[in-house]
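As structure tokens, the structure follows; a few thoughts come after it.
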Amino acid sequence: MALRTVAEYVESLRDDREVWFRGERVPDVTSHPVIGKAVRHASIDFQMAEDETYRELAVVTENEKEYSRYYKIPQNAEDLLLRSRLIEAATAEGDTLVVLIKEIGTDALFALLAVTAGMNDPVYHQRVRAYYAYCRDNDLSLATAQTDVKGDRVKRPSEQADPDLYLRVVERRSDGIVVRGAKIHTSVAPNANDIIVLPTRAMGAQEADWSVAFAVPANTPGVKLLASPFGDGKSRPGEQPISARHKMMETMTVFDDVFVPNERIFLDGDTALAGALALTFVEYHRFTAVSYKLPLVDAIVGAAVTIADYNGIMKASHVREKLIKLIAYAETLRALTQTAAKRCVAKANGQVAPDPMTVNLAKSHFAHGYHEAVQHLQELAGGILVTGPGDEDWTTEETRRYLQKYLVGRQGVSAEQRMAMMNFIRDLTASEYGAYQEVLAIHAEGSLEAEKLQIIRSYQANGSAERVVALARKMATRQSTFTAA
Ligand SMILES: Cc1cc2nc3c(=O)[nH]c(=O)nc-3n(C[C@H](O)[C@H](O)[C@H](O)COP(=O)(O)OP(=O)(O)OC[C@H]3O[C@@H](n4cnc5c(N)ncnc54)[C@H](O)[C@@H]3O)c2cc1C
């Protein structure tokens, strides 16, 4: 089996995994009122592989075997561009919400493949290769748990008051290891088949027990998924055209003395490689991030143009200025995303990764501009974003006639048309979903400071810093020679 149907995916989640929601154990994630929505959202991935419109993009054929494109190990810029297009298309099907059910897991696999290829002991790379093939051939959905709970942010793992604040190995046996700790913000964990665990940062020589990477099925004994209830309110399809249908779940992912068999241990005790693995994952994952932001920023531009038109303000100079800013914001992100693929860098294992400097520029550009983009859209839309009528007011004859008469836009724009767009903008920017997107923009795939750090590091590492300093010095010297003459 290399491609699963939606039904097979959904069935695979009925495996007695330990998921908790608002203090209660969830017997079946697929039928849970909130987590079930996340399962249906994730199903987009499997639907696209079956859909004629997307099949060519979503499915790769190699040696007469078909598998999901997410599992295609990028070997050149074209592979990265196609991966980006698929992520963009899937997120557009999710009405601006990323699917992520294979995106983040394959980012982790690519990082593991590249980093273990350089290890002295070949056994780790062999294990990763075998696990990669197992995931690809069984079309698995994967979560990646990298972010630790971290306690005192300034202290290292070994300096924390409680050593479990970063996930660590607490026992080594002949057949495997026992790990303890908690990862946080783990997206799609309640509806993924396996969870890949990576270190979150560089480790010191004394931090061998924290330098660990592995994978386990989500129903492994001791793995406890404490699902976040954020955005679990009542869904009204008219008022919440996006979030009534789409949802991604995050968990606090507790590893309460979990046994990991040898064949699923990908790093154990190699303190020097822990940081390299964390960073390589981020290089791939920020490319996924900027790819899935594209439908979101496009939706903001499209909604801004439409609502400005509906409100009759299209010709006002301040409106034009805001639309130009939004277009520049979205198109700069698109250009940087594509450039990150085109400038890809070679890694071990015969694969490439997006250019680290460009991908961090893209992510930083997106994250720094997102709240301002939301501000422009809300300004063009008007205050009715948070004072408008509810779905029931449209189905009650006595109230509907007032809505139809008074909520129209410019001539020719009905109240229904205008309010449908308002509801879309409200859900996108002024709802729990809107708040989720705002926090996602700032923190997910690394916070603003992490991206800045990577920009300066890669600028130095790729020789740009040396080049510009030499250039400036040459220019300055030339000037002084001229002056002296
Ligand atoms: C919706 C969502 C989904 C996510 N999905 C995943 C996922 O699937 N898997 C995963 O592993 N992670 C995931 N993340 C985690 C994401 O990568 C982190 O949120 C991000 O790395 C920031 O970490 P943090 O949230 O723990 O914040 P913190 O690290 O606590 O940051 C808070 C503030 O402290 C600052 N800070 C932190 N450390 C220091 C320091 N040493 N010195 C000075 N300042 C410091 C930061 O710059 C920031 O301003 C997700 C996050 C979100 C919001």
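The values are calculated or read from the model by the stated rules, or taken from the named source; none is laboratory data. A quick note: this is a predicted structure, and the numbers were derived from the prediction, not measured. Please note: Cβ atoms are built from the backbone with ideal geometry, for glycine as well, and neighbour counts cover all protein chains shown. In case anyone asks, the SASA skips ligands and DNA or RNA and just uses the protein heavy atoms, side chains included. Shrake-Rupley method; radii C 1.70, N 1.55, O 1.52, S 1.80 Å.
Details
- Qualifying residue in segment 220-240 (condition: touching a helix residue (DSSP H, G or I) at 6+ places or on another chain (Cβ under 8 Å) and polar (S, T, N, Q)): yes
- Selection of helices (runs of 4 or more DSSP H) fully inside segment 329-434 by the criterion of at least 1 residues being of a type in the set (K, R), at negative phi and out of contact with any helix residue (DSSP H, G or I) (no Cβ under 8 Å at 6 or more places or on another chain) returns 397-406.
- Of the residues contained in segment 92-104, none is found to be surrounded by 24 or more Cβ atoms within 10 Å (Cβ to Cβ) and more than 16 Å from the ligand (Cβ to nearest atom).
- From the list A308, A316, the one residue that fits, being open to solvent by 10 Å² or more (accessible area, probe 1.4 Å) and at pLDDT 95 or above, is A316.
- Taking each residue of segment 372-390 that is farther than 16 Å from G238 by Cβ and looking for partners that are charged (D, E, K, R) and in a loop (DSSP other than H, G, I, E, B) with beta-carbon atoms closer than 6 Å, six or more apart or interchain, yields nothing.
- Residue identified as under 28 Å from Q126 (Cα atoms) and open to solvent by less than 10 Å² (accessible area, probe 1.4 Å) among A77, A108: A108
- Count of segment 435-451 residues which are in a helix (DSSP H, G or I) and of a type in the set (G, A, S): 3
- Annotation note: Cβ proximity below 9 Å between a residue of segment 391-413 that is of a type in the set (V, I, T) and a residue that is open to solvent by 70 Å² or more (accessible area, probe 1.4 Å) (sequence gap 6+ or interchain) occurs for T399/E392; V408/Q417.
- The set of residues from segment 51-68 being open to solvent by 30 Å² or more (accessible area, probe 1.4 Å), within 18 Å of V6 (Cα to Cα) and touching a strand residue (DSSP E or B) at 6+ places or on another chain (Cβ under 9 Å) comprises just one member, E66.
- Which listed residue is under 14 Å from the mean Cα position of the chain (by Cα) and over 30 Å from S211 (Cβ atoms), from L82, L86: L86
- Only residues that are within 16 Å of the ligand (Cβ to nearest atom), at positive phi and surrounded by fewer than 22 Cβ atoms within 10 Å (Cβ to Cβ) were counted in segment 162-192, giving 1.
- Test: residue in segment 113-133 that is within 16 Å of the ligand (Cβ to nearest atom) and buried (at least 24 other Cβ atoms within 10 Å of the Cβ): no
- Unmet criterion (only one of (1) more than 20 Å from A444 (Cα to Cα); (2) part of a helix (DSSP H, G or I)) for V290: (1)
- Test: Q351 is more than 30 Å from Y406 (Cβ to Cβ) and open to solvent by less than 20 Å² (accessible area, probe 1.4 Å): yes
- For I442, the requirement of being within 16 Å of the ligand (Cβ to nearest atom) and of a type in the set (A, V, I, L, M) is met.
- Filter result for E159 (farther than 30 Å from A435 by Cβ and of a type outside the set (G, A, S)): yes
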